[in-house]
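Okay, structure first, notes after.
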Amino acid sequence: VQLQASGGGLVQAGESLRLSCAASESIYTFDVINWHRQGPGKQRELVAEFTSGGRASYPDSVTGRFAFSTDVAKNTVYLKMNRLKAEDTAVYYCSAHQRGRTYWGQGTQVTVSS
């Protein structure tokens, strides 16, 4: 399984970005798909979780601003990030769980200037 994350960039506070994570196989084969981030000097944290049952959940820090979506035909999941803040600056990673294994994509840098 390969995951390819993209879509990061430099934006101003208050703007939006959409990250993409393209999988090498159908996203229906995954039990859970997650987005994580790791800011400078911080531990990696989970920012979005999407289960095979179709439920998305988010931590309080991004609830109401971040939204997970999928394009099954493209084997791709997205993270739409709205009203970005300086503290959202981080490297963002996608991961997927399948039959007891976890696969990671490479990170994509998001930098929010205030």
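The values are calculated or read from the model by the stated rules, or taken from the named source; none is laboratory data. This one's a predicted model, so the numbers in the text were calculated from it and none came from an experiment. With ideal geometry, Cβ positions are generated from the backbone for all residues, glycine too; neighbour counts draw on all protein chains shown. Ligands, DNA and RNA are stripped out before the accessible areas are found, and what is left, the full protein with its side chains, is counted by its heavy atoms. Shrake-Rupley method; radii C 1.70, N 1.55, O 1.52, S 1.80 Å.
Things to note:
- Carbon + sulfur, % of accessible area of the stretch 11-107 - ligands and nucleic acids excluded, 1.4 Å: 47 percent
- About the Cα centre, charge dipole magnitude for the chain (Lys/Arg +1, Asp/Glu -1 at Cβ), debye: 20 debye
- Estimated D of the chain in µm² per second, where Rh is the Kirkwood radius over Cα pairs and Stokes-Einstein applies at 10 °C, 1.306 mPa s: 114 µm²/s
- Two-decimal Rg to Rh for the stretch 38-100 - Kirkwood Rh, Cα set: 0.97
- Scoring 60-67, 87-94 by mean Cβ neighbours within 10 Å over their residues and listing the highest first yields 87-94, 60-67.
- Considering only GLN12, ALA48, VAL62, the residue lying farthest towards the positive end of the dipole of the stretch 1-78 is GLN12, judged by Cα position with unit charges set on Cβ.
- Phi angles across the stretch 104-114 convert, under the Karplus curve 6.51 cos²θ - 1.76 cosθ + 1.60 with θ = phi - 60°, into 3J(HN,Hα) values of 10, x, 6, x, 10, 7, 10, 10, 10, 8, 9 Hz, Gly and Pro given as x.
- Given their separation in residues at 0.36 nm each and the Cα-Cα distance between them, THR51 and GLU25 gain 7.7 nm when the chain is fully extended.
- Of the GluC sites (Glu not before Pro) in the stretch 5-55, the ones in a loop by DSSP (not H, G, I, E or B) with at most 13 other beta carbons within 10 Å are GLU25.
- In sequence order, calculated HN-Hα J values of the stretch 60-75 (Karplus, 6.51, -1.76, 1.60; Hz; x Gly/Pro): 4, 5, 10, 4, x, 10, 9, 9, 8, 8, 9, 10, 4, 4, 9, 6
- Accessible surface calculations at 1.4 Å, restricted to protein heavy atoms, place the chain at 52 Å² per residue.
- For the stretch 46-58, backbone phi angles converted through the Karplus equation (6.51, -1.76, 1.60; θ = phi - 60°) give residue-by-residue couplings of 7, 10, 7, 10, 10, 9, 5, x, x, 9, 10, 9, 9 Hz, Gly and Pro being listed as x.
- Structural descriptor for the chain: relative contact order 37 percent, calculated from alpha carbon pairs under 8 angstrom and at least 6 residues apart.
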